[in-house]
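Participant: What follows is a single structure, and I will ask about it in a moment.
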Amino acid sequence: MYSPISRAAREARAYGWRSSPVRLIGADPSAAGLLAARTRARAVGLADRSRFHQGTFEQTNLPDGAVDAAMSVDAFQYAPDKGAALAEFFRILRPGGRVSIIAFEVDPAKVAGVPVVGVDPIPNYVPLFEAAGFDVEAYEETPGWRERANAAFGAIVDASDTLTAEMGERAVAVAEAMLTVQMQPYPRRALAVARRPG
Ligand SMILES: C[S@@+](CC[C@H](N)C(=O)[O-])C[C@H]1O[C@@H](n2cnc3c(N)ncnc32)[C@H](O)[C@@H]1O
């Protein structure tokens, strides 16, 4: 299982976070997500340089210009209003700051009426970044994503009876996994890097 915190820790270490004032602020709407992030931060030695609070893409609960850089991994496709979410990234970044997002592009024709990924599906994020005022510096497909996504979602499908018994209607991931395996609604998994001019 991959973890954005260990990835962030690796990147921060490469830039010398032990001797620099780099700080990590994480926001997620889910209490379980926040608990997992805090646990992971402790495990990789980032506890004293990180904090996590409840928030969404559209409402991060951070002040204007609060961060030098922002990132999101495998979550942005769930934002119910991607335009509002990018406006929020723009607001919290200092001028000249960058946002990096890894997210599935979503084929609107395949997810019509589907909860969560069917709300505001975006097949290409570039025009959305530009409309929000960003300069897009990179936009590319991440290598090997389809095999890994099929393996991960396939494992969830295989465990779907157990997960549904344990979680009931909260097992949204089961529905997404079944949709992903059967209908392949994600044309690509994209890495975008964009800069707030300034
Ligand atoms: C597949 S997980 C990815 C978590 C983590 N970034 C990772 O790579 O392990 C998707 C995350 O998106 C969060 N999420 C869902 N809707 C969101 C929203 N509107 N704003 C912010 N986060 C959201 C979920 O709570 C969940 O933690």
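Participant: Six or more apart or on different chains, Cβ atoms under 9 Å: show the pairs whose first residue is in the range 79-90 and open to solvent by 30 Å² or more (accessible area, probe 1.4 Å) and whose second is in a helix (DSSP H, G or I) and more than 11 Å from the ligand (Cβ to nearest atom).
Facilitator: Within 9 Å, the pairs are 83/128; 83/131.
Participant: Answer yes or no: is there a residue in the range 74-92 that is part of a strand (DSSP E or B) and in contact with a Pro (Cβ under 9 Å, 6 or more places away or on another chain).
Facilitator: no
Participant: Just name the residue that is farthest from the ligand (Cβ to nearest atom) out of those in the range 36-66 that are surrounded by fewer than 18 Cβ atoms within 10 Å (Cβ to Cβ) and part of a strand (DSSP E or B).
Facilitator: Per the stated criteria, the residue is 51.
Participant: From the set of residues in the range 67-76 that are within 15 Å of the chain's Cα centre (by Cα) and open to solvent by 40 Å² or more (accessible area, probe 1.4 Å), which is nearest to residue 26 (Cα to Cα)?
Facilitator: For the range 67-76, the residue satisfying everything is 71.
Participant: What is the one condition in (1) part of a loop (DSSP other than H, G, I, E, B); (2) outside the structural domain of residue 145 (by TED's automatic domain parsing) that residue 117 does not satisfy?
Facilitator: Condition not satisfied by residue 117: (2).
Participant: Pick out the one residue from 111, 136, 106 that is of a type in the set (Val, Ile, Thr), open to solvent by less than 10 Å² (accessible area, probe 1.4 Å) and over 16 Å from the mean Cα position of the chain (by Cα).
Facilitator: Checking each option against the conditions leaves just 111.
Participant: Now for a different question. Within the range 169-190, count every residue that is modelled with pLDDT under 85 and open to solvent by less than 60 Å² (accessible area, probe 1.4 Å).
Facilitator: So the count comes out to 2.
Participant: Taking the range 168-194, which residues are within 27 Å of residue 82 (Cβ to Cβ) and either free of Cβ contacts under 8 Å to residues at least 40 places away in the same chain or more than 20 Å from the chain's Cα centre (by Cα) (or both)?
Facilitator: Hits for the range 168-194 are 169, 170, 171, 173, 174, 177, 178, 180, 181, 182, 183.
Participant: Then there is this: With the requirement that a residue be without any contact (Cβ under 8 Å) to a residue 12 or more places away in the chain and farther than 23 Å from residue 79 by Cα, what does the range 25-42 give you?
Facilitator: 39, 42
The values are calculated or read from the model by the stated rules, or taken from the named source; none is laboratory data. None of the values given here were measured: they were computed from a predicted structure. Reconstructed Cβ throughout: ideal geometry from the backbone, glycine too, with neighbour counts over all protein chains shown. The accessibility values were calculated without ligands, DNA or RNA, using every heavy atom of the protein model including side chains. Shrake-Rupley method; radii C 1.70, N 1.55, O 1.52, S 1.80 Å.
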